[in-house]
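J.: Before we start, here is the structure in question, set down as structure tokens.
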Amino acid sequence: MAEFGFSLGASVWGFFGRRAPEEWPTLPDAVRSILSIGPGLGVEVWGSKALDVPSADREELEALYAVCHEAPYVTVHVRGVHMTWDPAGLRREIDFAERVGARILVLHPVCLGLTGPSDRLDVPEIRRLAEYAADRGVRIALENLQDTVWLLDRVLEEVGDDPRETNLGVCIDTGHAHMSHDAGREPVTNYLERYAGPLAHVHLHDNRGTSDEHLVPGDGSIDWPRVLRVLRTIGFSGTAVLEVHPPPRGGDPSTAIEAGLRYLRSVS
């Protein structure tokens with residue numbers, strides 16, 4: 001959606017996260033629901049319906065591959081089963097990203113084996129993984145969690161901070177940044193400005209600064225007009241997805257996405 005200066009989409013996670021399994025649609029139906037909201041809206045998909053459940057079966061994944069190729073763009077979030085340092089497993093996740101036609105594969109720091117300052121990065125193997133992804137048209141983006149400036153800095157220092165050379169960029173999650181205490185009084189925009197160079201992808205959702213609520217933008221305490229101004233100022237032209245959940249007592253995930261779109265348009 002050119003109106004924002006970056007390509008906007010929505011994550012399928014809101015159709016599954018914090019909802020009872022009996023309410024879950026199929027993954028292809030979740031994608032179709034997002035695509036039906038309006039033209040130009042991209043999608044972020046998972047290969048499973050929750051962090052702690054197995055991957056979808058082969059028939060459902062085949063249907064997912066087909067419907068994803070109808071989307072303006074696709075990004076992939078790593079499945080829970082691959083949230084560990086397992087190069088062979090990460091190659092399978094890269095293969096999955098290629099099958100759905102994804103531009104970006106979002107990884108959590110633990111996927112690279114980094115959970116604390118004493119952990120050592122296998123830099124040669126990380127570079128080989130990034131090259132494997134590049135050969136398949138997929139860029140890896142490392143997502144910030146709460147208070148992870150040290151972590152992102154370390155990965156970029158050891159692996160390289162130019163994604164044109166390394167194929168390793170950064171995904172800034174606004175909700176995680178908003179809960180952080182390591183980036184000053186304006187942590188969301190400070191994270192965005194600090195990682196403007198390698199910034200490849202953004203997760204857009206709100207909270208009140210204390211828990212990862214995945215609220216619709218405008219329902220928490222993030223200063224969204226400021227966030228959008230900073231994204232324009234740094235010239236961000238990559239991809240971003242609304243990663244919002246419906247109200248905990250029920251609600252249509254598509255309605256939450258539509259509300260987020262309306263709000264972002266109203267303050268852009």
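J.: Among the candidates A196, A240, which residue alone is part of a loop (DSSP other than H, G, I, E, B), within 17 Å of the chain's Cα centre (by Cα) and buried (at least 16 other Cβ atoms within 10 Å of the Cβ)?
T.: From the options A196, A240, the qualifying one is A196.
J.: Turning to a different aspect of this structure: For the structure I just gave you, tell me whether D162 is charged (D, E, K, R) and surrounded by fewer than 16 Cβ atoms within 10 Å (Cβ to Cβ).
T.: When the stated conditions are applied, D162 passes them.
J.: Hey, can you tell me all the residues within segment 136-169 that are more than 17 Å from L192 (Cβ to Cβ), polar (S, T, N, Q) and assigned to a loop (DSSP other than H, G, I, E, B)?
T.: N167, the sole residue that qualifies.
J.: Of all residues in segment 119-159 being of a type in the set (D, E, K, R) and crowded, with 18+ Cβ neighbours inside 10 Å, which is nearest to the chain's Cα centre (by Cα)?
T.: E143
J.: Just the residues that are charged (D, E, K, R) and surrounded by 15 or more Cβ atoms within 10 Å (Cβ to Cβ), please, taken from segment 93-118.
T.: Across segment 93-118, the qualifying residues are E93, E98, R99, R103.
J.: Residue under question is H203, and the condition is that it be not in a helix (DSSP H, G or I) and not acidic (D, E); does it hold?
T.: So H203 passes the test.
J.: Let me ask something else about it. Which of the residues that make up segment 66-83 are surrounded by fewer than 17 Cβ atoms within 10 Å (Cβ to Cβ) and of a type in the set (A, V, I, L, M, F, W, C)?
T.: Correct list: A66, M83.
Here, each number is a calculation from the coordinates, and none is a lab measurement. Note that the coordinates shown come from a computational prediction; the quantities given were computed from them, not determined experimentally. With ideal geometry, Cβ positions are generated from the backbone for all residues, glycine too; neighbour counts draw on all protein chains shown.
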